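The values are calculated or read from the model by the stated rules, or taken from the named source; none is laboratory data. Since this is a predicted model, take the numbers as computed values, not measurements. Cβ: placed from backbone, ideal geometry, glycine included. Neighbour counts: every protein chain shown. Calculation scope for accessible area: heavy atoms of the full protein, side chains included, ligands and nucleic acids excluded. Shrake-Rupley method; radii C 1.70, N 1.55, O 1.52, S 1.80 Å.
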Amino acid sequence: MKKILKIIGVLIFIGIFIGTLIFLWEKSRPETIIYDTIGIKIDTIRKTAIATGKISPRNEVLIKPQIPGIISDIYCHPGQMVKKGDIIAKIKVIPDMSALNSAKSRVNQAKINFDQIQRENNRINTLYLSGASTTEEKEQSDTELKYANEELIAAQNNLEIVQNGYSSQEAELSNTQIRSTIDGMVLNIPIKVGNSVIQANNYNDGTTIATIADLTDMIFTGKMDESEINKLKEGMPVEIIVGALQNITLNATLEYISPKATDENGIVMFEIKAAINVPDSLFLRAGYSANAIIITDYKTGIKTIPESTVIFHNNKTYVNVLNNNSTSTTQTFSPREIKLGLSDGVKVEILEGLDGTEKLQGQQLQTR
């Protein structure tokens, strides 16, 4: 039994000894690192800036009354298309009692004056027919009668305007009929039948009857940080991504950059606007939130490499190029100085230093 135990102990010792020798031999071997190799691609690089904002009509009009009163009828609803001159609503005028009394008094005075001049004109015409009056007297009397008649008509029209807001002679031009001033779609009607409305004056903006806009001419309005604003120029292409419209990108053109900044919670921002090219098949609603991707620089068909392969040292740029004598198990790389061009943060353009056939050192894959 003791002999067996001795043999087992010797075998364990030999095993430990051999294992130690193998471990020391593995540790003494030089470490081999295998890297991924990356080729040079002919690609496109776009440099962009992003702004957040919303979609709005270029021409949005607030329709307001020209006289105060009460809404008696509404002839359209939100979402309805209207033409310039279409009647949107009708106002019932509540006359001012002082103005009404003055208008009635003016009519009475004009009627009294007209009746007196008409009687005088009838008398002169009778005398003229009998030869007792001259032609000049008859013509003067006829003229005075015409003046009196015009004054009576004007007084009656004024009374109708005070009472109803319009005269019967010019009903089609009545201020009580609220008309659209542009072609477009009704976006909002904030009033109801029975609401009181007032006209715009020096102390009040007036009551909005309706909001109308042309939804075929839309713009993006957004904000851009001051660190990006100097990269922008009017006329740059813009891609509009609307959050509510999935998988749809709209083309636009930058047309306005604010010359003055605004302070928003301590951040300096500039307003920008871009004209959107809306396809005929797409209905774009006002007020959509959107992001604008402004293409500040663009190059296509250029040699590019991942920016992660570039080494920056002493204001120079290098890449590690795979040597021709390398194998799948043994890789050697040599640094090579290069000149970079346009970069989007992921890919970078190669201007000088590489001809396009080289393989570059990438990420470490394994260690042997």
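Per the conditions (1) small (Gly, Ala, Ser); (2) within 25 Å of Glu60 (Cα to Cα); (3) open to solvent by less than 70 Å² (accessible area, probe 1.4 Å), the sole criterion not satisfied by Ser289 is (3). Among the conditions (1) farther than 30 Å from Asn188 by Cβ; (2) assigned to a strand (DSSP E or B); (3) open to solvent by 60 Å² or more (accessible area, probe 1.4 Å), the only one that Tyr256 does not satisfy is (1). Here segment 175-204 is the region considered, the condition is being assigned to a loop (DSSP other than H, G, I, E, B), surrounded by fewer than 18 Cβ atoms within 10 Å (Cβ to Cβ) and among the small types (Gly, Ala, Ser), and the residue that is modelled with the highest pLDDT is Gly194.
Please verify whether segment 206-224 includes one or more residues that are touching a Leu at 6+ places or on another chain (Cβ under 9 Å), modelled with pLDDT under 90, assigned to a strand (DSSP E or B) and closer than 27 Å to Glu271 by Cα. Checking segment 206-224: at least one residue is touching a Leu at 6+ places or on another chain (Cβ under 9 Å), modelled with pLDDT under 90, assigned to a strand (DSSP E or B) and closer than 27 Å to Glu271 by Cα.
One residue stands out in segment 105-143 among those that are free of Cβ contacts under 8 Å to residues at least 40 places away in the same chain and within 21 Å of Asn158 (Cα to Cα): the one that is most open to solvent (accessible area, probe 1.4 Å), namely Ile112. The sole residue among Val319, Val278 that is without any contact (Cβ under 8 Å) to a residue 60 or more places away in the chain and of a type outside the set (Phe, Trp, Tyr) is Val319.
Within segment 61-74, does at least one residue satisfy the condition of being closer than 30 Å to Met236 by Cβ, modelled with pLDDT of 90 or more and surrounded by 15 or more Cβ atoms within 10 Å (Cβ to Cβ)?
Residues of segment 61-74 closer than 30 Å to Met236 by Cβ: 61.
So of that shortlist, the ones also modelled with pLDDT of 90 or more come out as 61.
Adding the requirement that they be surrounded by 15 or more Cβ atoms within 10 Å (Cβ to Cβ) leaves 61.
Yes, segment 61-74 has at least one match.
For segment 60-100, the tally of residues that are acidic (Asp, Glu) and not in a strand (DSSP E or B) stands at 2.
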